[in-house]
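Enquirer: The structure under discussion is supplied below as structure tokens; questions concerning it will follow.
The values are calculated or read from the model by the stated rules, or taken from the named source; none is laboratory data. Quantities reported herein were computed from a predicted structural model and do not represent experimental measurements. Here Cβ is always computed from backbone atoms with ideal geometry, including for glycine, and neighbour counts include all displayed protein chains.
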Amino acid sequence: MAERPTMTGVEQTFGSDELIVSKTDLKGRLTYVNSVFLRVSGFEEHELLGKPHSIIRHPDMPRGVFKLLWDTIQSEKELFCYVNNRCKNGDNYWVFAHVTPSFDIRGNLTGFHSNRRVPTTHAFETIKPIYDEMLREESKHRLPKDQCEASYPILMSKLEEIGKTYEEFMFDICM
């Protein structure tokens with residue numbers, strides 16, 4: 001897929017009893033996707049395997065959240081977060097993601113595994129204004145690295161204001 005489609009503003013959903021599952025190597029290239037991932041995203045398996053997981057990154061998703069995600073999982077810890085993904089046709093779908101490091105039998109880090117569930121409406125309503133503020137800050141910068149570095153402190157300051165870790169905040173809003 002050479003070009004990213006125009007975003008449609010149409011939101012796709014999936015069942016509350018379904019999981020979107022993917023696995024990546026250490027560089028974030030997809031090594032496995034399940035049938036729910038394929039159905040919701042609209043991609044075919046051959047279009048995804050070997051590609052960076054960021055192929056489904058929606059432009060309305062702050063880069064600063066991905067900094068937190070990568071910093072966390074590369075330090076061999078798990079992370080729960082709300083993510084807006086894009087479909088092949090430009091639609092989007094929100095998920096509550098649980099991303100974990102994967103290890104071989106000797107305990108060596110080999111990649112990452114993500115299970116995604118349907119987020120609650122309350123969680124979406126709580127996280128969306130924070131993400132919007134992060135995106136406004138990112139829009140002031142041209143380079144992706146600068147965008148990431150500019151929006152990440154906004155997320156961290158929100159957590160400091162409420163006196164919670166990111167994980168505590170995520171679990172508070174998912175209930």
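Enquirer: Do you know which residues across the stretch 127-144 are surrounded by 11 or more Cβ atoms within 10 Å (Cβ to Cβ) and either modelled with pLDDT under 95 or in a helix (DSSP H, G or I) (or both)?
Expert: 127, 128, 130, 131, 132, 133, 134, 135, 136, 137, 138, 144
Enquirer: For the stretch 98-118, what are the residues that are buried (at least 20 other Cβ atoms within 10 Å of the Cβ), of a type outside the set (Val, Ile, Thr) and touching a Phe, Trp or Tyr at 6+ places or on another chain (Cβ under 8 Å)?
Expert: Matches in the stretch 98-118: 116 only.
Enquirer: Is there a residue being part of a loop (DSSP other than H, G, I, E, B) and farther than 21 Å from residue 126 by Cα anywhere in the stretch 65-75?
Expert: Yes, there is a match, as at least one residue in the stretch 65-75 is part of a loop (DSSP other than H, G, I, E, B) and farther than 21 Å from residue 126 by Cα.
Enquirer: Do we have residue 164 as more than 19 Å from the chain's Cα centre (by Cα), modelled with pLDDT under 95 and among the charged types (D, E, K, R) here?
Expert: yes
Enquirer: Which pairs turn up if I take residues in the stretch 124-149 that are closer than 19 Å to residue 160 by Cβ and look for partners that are polar (S, T, N, Q) and surrounded by 15 or more Cβ atoms within 10 Å (Cβ to Cβ) with beta carbon separation below 6 Å, at least 6 apart in sequence or on another chain?
Expert: Correct list of pairs: 134/151; 137/151.
Enquirer: Still on this structure: Quick one: how many residues across the stretch 9-26 are in contact with an Asp or Glu (Cβ under 8 Å, 6 or more places away or on another chain) and surrounded by 13 or more Cβ atoms within 10 Å (Cβ to Cβ)?
Expert: Residues meeting the conditions: 1.
Enquirer: Shifting gears a bit: Inspect the stretch 78-93 for any residue being assigned to a loop (DSSP other than H, G, I, E, B) and under 12 Å from the mean Cα position of the chain (by Cα) and give the result as yes or no.
Expert: no
Residue-wise test of (1) under 27 Å from residue 169 (Cα atoms); (2) of a type in the set (Lys, Arg); (3) out of contact with any Cys (no Cβ under 8 Å at 6 or more places or on another chain).
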site	(1), (2), (3)
51	no, yes, yes
81	yes, no, yes
98	yes, no, yes
113	yes, no, yes
116	yes, yes, yes
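Enquirer: Residues of the stretch 34-83 being modelled with pLDDT under 95 and among the polar types (S, T, N, Q), which ones?
Expert: 54, 72, 74, 75
Enquirer: Right, another one. Among (1) modelled with pLDDT under 95; (2) assigned to a helix (DSSP H, G or I), there is one condition residue 4 misses while meeting the rest; what is its number?
Expert: (2)
Enquirer: A further question on this structure: For the stretch 97-126, give me the residue count where each residue is outside any helix (DSSP H, G or I) and either more than 29 Å from residue 16 (Cβ to Cβ) or among the charged types (D, E, K, R) (or both).
Expert: Final tally of qualifying residues: 10.
Enquirer: Then there is this: Determine whether the stretch 32-51 contains at least one residue that is surrounded by 15 or more Cβ atoms within 10 Å (Cβ to Cβ), in a helix (DSSP H, G or I), of a type in the set (Gly, Ala, Ser) and touching a residue at least 12 places away in the same chain (Cβ under 8 Å).
Expert: yes
Enquirer: Now a separate question. When only residues in the stretch 52-75 that are surrounded by fewer than 16 Cβ atoms within 10 Å (Cβ to Cβ) and over 20 Å from residue 21 (Cβ atoms) count, which is farthest from the chain's Cα centre (by Cα)?
Expert: For the stretch 52-75, the residue satisfying everything is 75.
Enquirer: Can you pull out the residues in the stretch 94-112 that are within 20 Å of residue 55 (Cα to Cα) and either of a type in the set (Val, Ile, Thr) or under 12 Å from the mean Cα position of the chain (by Cα) (or both)?
Expert: Once the filter is applied, which keeps residues that are within 20 Å of residue 55 (Cα to Cα) and either of a type in the set (Val, Ile, Thr) or under 12 Å from the mean Cα position of the chain (by Cα) (or both), the stretch 94-112 yields 94, 95, 96, 97, 98, 99, 100.
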